[in-house]
Amino acid sequence: MSLPTDPWAAFVAAFSRTAVPVITATELLLVVFLATALSIPRQSWRYVGLLATATHELGHAFAAVTSGQRLSGIRLRLDHSGTTTTYSRSKLATVWSCFWGYPVPAVVGAAFVWCGFNGWGPAAIAAGAVALAATLLFLRNAAGFLITTGAILGSVALILLVPAGFVGHVAVVLGLVLLVGAVRDLIKLTHVHLRRRDRLATSDAYLLYRATAVPSAVWILLFAVLVAGSWLVAWQPFPAILLPGT
C-alpha cells in the first residue's frame with residue numbers, strides 16, 4: 001500500500017459512489033464475526049466503544065446546532081462517558097438536543113451498513129471523518145482530542161490506503177459495532193435507573209424527565225424504538241445474502 005500522488009483528490013473522490021461490493025454469505029458471516037469480536041468482549045470494547053461515545057456526543061452537538069443553540073464544548077473520557085455543553089433559552093430546543101444522544105449511534109450504524117452494501121462505504125467513512133474534524137473546534141479535554149484525532153486518522157488511512165471495495169466491508173463492520181454499542185448503552189442506561197440510582201444525574205432519560213415531567217421510562221422506550229428501527233433497517237440486506245432464493 002502507498003499513498004496516492006494527490007491525497008486530497010483521493011479523499012474528495014471517496015464521496016463518489018463506487019462499485020457495489022459483492023458480499024457472499026461466507027464474507028458476511030466473517031463481517032458479523034469481526035463486528036461481534038470487536039463489540040462484545042470487554043477488552044476490545046474498552047477501545048472500540050470510544051467510537052460509540054464520540055458518536056453519542058456528536059448526536060447531542062448536531063441536534064443542538066440545528067435547533068439554534070450555542071455549543072460551548074464537548075468532553076470525551078476514556079471511561080466511555082462524555083458531556084456536551086450547550087446554551088439555549090428554548091426549553092424545546094434543550095429537550096431536542098438532550099434526546100439525540102442514545103439513538104444516534106444506532107442511526108449512524110444503520111446508515112454505515114446501508115452505505116457499505118450499496119457502494120457508498122468510502123463516502124460514509126469520509127463523511128464521518130469530516131464530522132469528527134468539525135468537533136475538534138469544540139473539544140475541551142485531552143482525552144477528547146486523543147479519541148477524535150485517532151478516529152479521524154484511521155478514517156483517512158482507510159480512504160487513502162485501502163481499496164474502495166474493501167472499505168465497503170469496513171463500513172458494514174463499523175455500522176454493526178455502532179449498532180451493538182447502542183444496545184449496550186441502552187442496557188447500561190436501564191441498569192442505572194434500576195440498580196444504580198445514585199448515578200441518575202448522568203442519565204439523559206433522567207435529565208429529560210426533569211425538563212419535561214415525562215417519566216424516564218418513556219424516554220428510554222423511545223430510545224429503544226429508534227434503536228430497534230435502526231437494527232431493522234440494517235438487517236434488510238442480510239436475508240437475501242444468507243438465504244438466497246427465499
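Just so you know, all these numbers are worked out from the coordinates, no wet-lab data involved. Note that the structure is predicted; figures quoted are calculated from it, not measured. Glycine gets a Cβ as well: all are built from the backbone with ideal geometry, and neighbour counts include every protein chain shown.
Using 7 Å Cα-to-Cβ label points, what is the residue 198/residue 218 separation (nm, one decimal)?
Here the answer is 3.0 nm between the modelled labels.
Would you calculate the separation in nanometres between label points at residue 232 and residue 211, each defined as 7 Å from the Cα along the Cα-to-beta-carbon direction?
Label at residue 232, label at residue 211, 2.6 nm between them.
Choose one of 177, 139, 26: the residue whose Cα lies farthest towards the positive end of the charge dipole of the range 24-239 (beta-carbon charges +1 Lys, Arg; -1 Asp, Glu; about the Cα centre).
It is 139, whose Cα lies furthest towards the positive end.
Quick check: residue separation of residue 162 and residue 10 times 0.36 nm, minus the Cα distance between them. What number comes out in nm? Could the numbers behind the result be given before it?
Details: separation 152, 0.36 × 152 = 54.72 nm, distance 1.13 nm.
Length gained between residue 162 and residue 10: 53.6 nm.
Which shape class, rounded, prolate or oblate, goes with the range 101-246 when its Cα gyration tensor gives a ≥ b ≥ c as root eigenvalues, a/c under 1.5 marks rounded, and past that a/b bigger than b/c marks prolate?
Values: a/c = 2.81, a/b = 1.34, b/c = 2.09.
Oblate, since a/c reaches 1.5 and b/c is not below a/b.
Distance between Cα centroids, the range 1-33 to the range 86-165: provide it in whole Å.
Taking the Cα centre of each part, the range 1-33 and the range 86-165 sit 18 Å apart.
About its Cα centre, how strong a charge dipole does the range 24-239 have in debye, to the nearest 20, once Lys and Arg get +1 and Asp and Glu get -1 at the Cβ? Let's see the in-between values first.
On the way: 15 positive and 6 negative charges, 161 e Å.
Dipole of the range 24-239, to the nearest 20 debye: 780 debye.
Of the listed values [x] -0.40, -1.08, -1.32; [y] -0.35, -1.05, -1.37; [z] -0.50, -0.97, -1.14, identify the label whose number matches log10 I(q)/I(0) by the Debye sum over Cα atoms at q = 0.09, 0.15, 0.17 Å⁻¹ calculated from this model.
It is the one labelled [x].
Per-residue HN-Hα couplings for the range 78-92, Karplus 6.51 cos²θ - 1.76 cosθ + 1.60 at θ = phi - 60°, whole Hz, x for Gly and Pro?
Those phi angles translate into 6, 8, 6, 9, x, 9, 10, 9, 10, 10, 7, 8, 9, 5, 5 Hz.
Once amide H atoms are built 1.01 Å from N in the peptide plane, which residues 5 or more positions from residue 73, or in another chain, come under 5 Å H to H?
Residues meeting the criterion, in which the H sits 1.01 Å from N, are 85.
Between the helical axis of 103-117 and the dominant principal axis of the chain, each derived from Cα atoms, what acute angle in degrees is found, rounded to the nearest 10?
For 103-117 against the chain, the angle is about 10 degrees.
For the residue pair residue 146 and residue 19, what label-to-label distance in nm results when each label sits 7 Å from Cα along the Cα-to-beta-carbon direction?
Going by the 7 Å Cα→Cβ label model, 4.2 nm.
Take the alpha carbon atoms of the range 1-78, find their radius of gyration, then divide it by 2.2 N^0.38 Å using N residues; give the quotient. Present the calculation step by step, with values, prior to reporting the outcome.
On the way: Rg = 18.2 Å, N = 78, 2.2 N^0.38 = 11.5 Å.
Ratio of Cα Rg to 2.2 N^0.38 Å: 1.58.
For 60, 191, 80, 169, which order do you get if you count the other beta carbons within 10 Å of each Cβ and list the fewest first?
Working: 60 26, 191 11, 80 17, 169 20.
Ranking 60, 191, 80, 169 by Cβ neighbours within 10 Å, fewest first, gives 191, 80, 169, 60.
Can you give the relative contact order of the range 24-239 as a percent, counting alpha carbon pairs under 8 Å and 6+ residues apart?
Values: 305 pairs, mean separation 53.3, N = 216.
Here the relative contact order equals 25 percent.
Could you derive backbone 3J(HN,Hα) for the range 190-207 from the dihedral phi with the Karplus parameters 6.51, -1.76 and 1.60 (θ = phi - 60°), listing whole Hz in sequence and x where the residue is Gly or Pro?
4, 4, 4, 6, 9, 10, 10, 5, 5, 10, 4, 4, 8, 8, 4, 5, 5, 5
Which of 243, 219, 154 sits farthest toward the positive end of the charge dipole of the chain, with +1 on the Cβ of Lys and Arg and -1 on the Cβ of Asp and Glu?
Positive-most Cα among the choices belongs to 219.
In percent, what relative contact order does the range 46-146 have, based on Cα pairs under 8 Å that are 6 or more apart in sequence? Kindly include the intermediate steps, with their values, before the conclusion.
Values: 124 pairs, mean separation 32.5, N = 101.
After rounding, I find 32 percent.
Within 10 Å, count the other beta carbons around each residue, average over each peptide in 148-158, 20-30, 206-216, 48-58, and list them highest first.
On the way: 148-158: 17.5, 20-30: 13.6, 206-216: 16.0, 48-58: 23.3.
The densest-packed peptide leads the list: 48-58, 148-158, 206-216, 20-30.
Quote the relative contact order of the range 1-108 in percent (integer), defining contacts as alpha-carbon pairs under 8 Å separated by 6+ residues. Provide the component values of the computation, followed by the final result.
Working: 98 pairs, mean separation 24.6, N = 108.
So the answer I get is 23 percent.
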